[in-house]
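Rule-based calculations on the coordinates, nothing more; no lab input. Keep in mind it's a predicted model, so treat the numbers as computed, not measured. Don't worry about glycine lacking a Cβ; one is built from the backbone with ideal geometry, like all the others, and counts go over all protein chains shown.
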Amino acid sequence: MWEQNHRLVTEFGYSALYWKNRSETTACGHLTVYGYEKYRNGNHVPDNREVLLLL
């Protein structure tokens, strides 16, 4: 979400847990929305677009 307008989703992260061949498997990632590259945070919250923080 962009700090200046919370209606603009600029990026999102995802995680999934599934089973493959009876083994628990996870997948995770971080995607940015095409066309919103110019909307960057940094005035009120840190700009972490280039940092993928998956816990």
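What number goes with the only condition from (1) β-branched (V, I, T); (2) surrounded by 12 or more Cβ atoms within 10 Å (Cβ to Cβ); (3) more than 19 Å from V51 (Cβ to Cβ) that T25 does not pass?
Only one criterion in (1) β-branched (V, I, T); (2) surrounded by 12 or more Cβ atoms within 10 Å (Cβ to Cβ); (3) more than 19 Å from V51 (Cβ to Cβ) is unmet by T25, namely (2).
Could you identify the single residue in Y34, Y39 that is exposed (fewer than 10 other Cβ atoms within 10 Å of the Cβ), part of a loop (DSSP other than H, G, I, E, B) and not acidic (D, E)?
Y34
Contact list please: Cβ distance under 8 Å, first residue in segment 19-39 and under 16 Å from W2 (Cα atoms), second residue surrounded by 10 or more Cβ atoms within 10 Å (Cβ to Cβ) and polar (S, T, N, Q), pairs at least six apart or on different chains.
Cβ pairs passing all conditions: T32/T10; V33/T10; Y36/T10; Y39/Q4; Y39/T10.
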